[in-house]
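> I'd like to ask you about the structure that follows.
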Amino acid sequence: MNIVITGASRGIGFETAKRLASLGDNNIVAISRDEAKLKELKNACIRENVQAHLYPIPFNLEDTALVETQLLAKVKQYVTSIDIIINNAGALVNRPFELLAAAEMLRMINVNLMAPALVVKTLLPMLSRPAHVVNISSMGGFQGSVKFPGLSMYSATKAGLASLTECLAEEFKDKQVSFNCLALGAVQTEMLGEAFPGLVAPLRAHEMAELVADFAINGNRFFNGKVIPVSKATP
């Protein structure tokens with residue numbers, strides 16, 4: 001399979017790319033701003049599977065103009081079609097709403113909502129039929145879940161991503177492109193540690209990555225247009 005995954009330099013994205021590399025003859029296009037971490041990921045994937053095909057693309061998804069004008073050509077350097085897109089990249093600022101700067105709000109909107117939308121829109125010509133787009137959201141953006149102070153804009157952008165998933169599934173339901181959204185609960189990642197110092201999550205990144213990788217490969221056999229909570233906590 002040909003798979004594109006964003007936010008691949010650390011956390012769940014890093015571990016998901018490793019997991020996909022270990023499963024067989026997959027071509028994985030890994031996108032992140034951090035070129036050094038992408039090199040680490042490539043080496044880690046080769047350790048998982050000496051025949052792993054991981055293609056790193058250093059790219060700043062926050063720059064929406066670049067996504068529209070340059071991403072397609074960069075991906076085409078490595079694959080001619082795409083079976084799976086995993087929109088995993090995310091930005092989180094934990095700050096009371098009244099103290100959030102407009103630039104911080106805009107960054108979360110661009111990375112968490114605009115970038116996934118533009119990645120899909122830009123790469124549409126390359127999508128196989130069938131294809132599966134998996135958007136990684138958060139329980140913070142899942143309707144009816146417990147909300148946390150300081151995460152207002154982060155949660156709002158993730159809720160937007162969930163709604164976008166449902167809308168795109170409807171638009172493409174007759175075109176053999178499935179869209180699903182995983183709303184993840186707390187996972188022990190670098191981003192979680194930065195936002196909530198000292199918090200211990202119930203799951204490690206590599207554990208969640210197993211589910212994400214399996215769902216990306218098989219989930220469209222059973223689901224389309226679904227926002228699925230992945231959390232041990234209730235509600």
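The values are calculated or read from the model by the stated rules, or taken from the named source; none is laboratory data. As the structure is a computational prediction, the values presented were derived from the model and not from experiment. Cβ coordinates were reconstructed from backbone atoms using ideal geometry, including for glycine residues, and neighbour counts include every protein chain displayed.
> Working carefully through the options GLY144, GLY150, find the one that is modelled with pLDDT under 95 and in contact with a Lys or Arg (Cβ under 7 Å, 6 or more places away or on another chain).
Details: GLY144 fails: in contact with a Lys or Arg (Cβ under 7 Å, 6 or more places away or on another chain).
Result of the check over GLY144, GLY150: GLY150.
> If you scan region 168-192, which residues turn out to be under 20 Å from GLU15 (Cβ atoms) and assigned to a helix (DSSP H, G or I)? Even if it seems obvious, please write down each step before you answer.
So the first thing to find is which residues in region 168-192 are under 20 Å from GLU15 (Cβ atoms), and the list is 180-192.
Within region 168-192, GLU190, MET191, LEU192 qualify.
> I want to confirm something. Restricting to region 107-157 and keeping residues that are under 14 Å from the mean Cα position of the chain (by Cα) and small (Gly, Ala, Ser), which single residue is surrounded by the most Cβ atoms within 10 Å (Cβ to Cβ)?
Ranking the qualifying residues of region 107-157, first place goes to SER137.
> Now, a different point. Which residue pairs have Cβ atoms under 6 Å apart, sit 6 or more places apart or on different chains, and have a first residue in region 199-217 that is crowded, with 19+ Cβ neighbours inside 10 Å and a second that is among the hydroxyl-bearing types (Ser, Thr, Tyr) and not in a loop (DSSP other than H, G, I, E, B)?
Here the result reads ALA209/THR16; VAL212/THR16; ALA213/THR16, each pair linking region 199-217 to a residue that is among the hydroxyl-bearing types (Ser, Thr, Tyr) and not in a loop (DSSP other than H, G, I, E, B).
> Of the numbered conditions (1) at pLDDT 90 or above; (2) out of contact with any Phe, Trp or Tyr (no Cβ under 6 Å at 6 or more places or on another chain); (3) not in a strand (DSSP E or B), THR165 satisfies every one except a single condition; which is it?
So the condition that THR165 fails would be (2).
> Which count do you get for residues in region 213-235 that are at negative phi and in contact with a Lys or Arg (Cβ under 8 Å, 6 or more places away or on another chain)? Before the answer, list the steps.
The first filter runs over region 213-235 and keeps only residues at negative phi, leaving 213-224, 226-235.
From what's left, in contact with a Lys or Arg (Cβ under 8 Å, 6 or more places away or on another chain): 213, 224.
Qualifying residue count, region 213-235: 2.
> Moving to a separate point now. Can you tell me which residue among PHE142, PHE179, PHE148, PHE97 is hydrophobic (A, V, I, L, M, F, W, C) and without any contact (Cβ under 8 Å) to a residue 12 or more places away in the chain? First the steps, then the outcome.
Details: PHE142 fails: without any contact (Cβ under 8 Å) to a residue 12 or more places away in the chain; PHE179 fails: without any contact (Cβ under 8 Å) to a residue 12 or more places away in the chain; PHE97 fails: without any contact (Cβ under 8 Å) to a residue 12 or more places away in the chain.
Only one candidate passes the filter, namely PHE148.
> Let me ask you something else. Could you go through region 13-20 and let me know if any residue there is touching a residue at least 60 places away in the same chain (Cβ under 8 Å), out of contact with any His (no Cβ under 7 Å at 6 or more places or on another chain) and on the phi > 0 side of the Ramachandran plot.
no
> Within region 1-12, identify whether any single residue is over 20 Å from ALA205 (Cβ atoms) and in contact with a helix residue (DSSP H, G or I) (Cβ under 9 Å, 6 or more places away or on another chain), and answer yes or no.
Of all residues in region 1-12, those over 20 Å from ALA205 (Cβ atoms) come to 1-2.
Now drop any that are not in contact with a helix residue (DSSP H, G or I) (Cβ under 9 Å, 6 or more places away or on another chain), which leaves 1-2.
Within region 1-12, one or more residues are over 20 Å from ALA205 (Cβ atoms) and in contact with a helix residue (DSSP H, G or I) (Cβ under 9 Å, 6 or more places away or on another chain).
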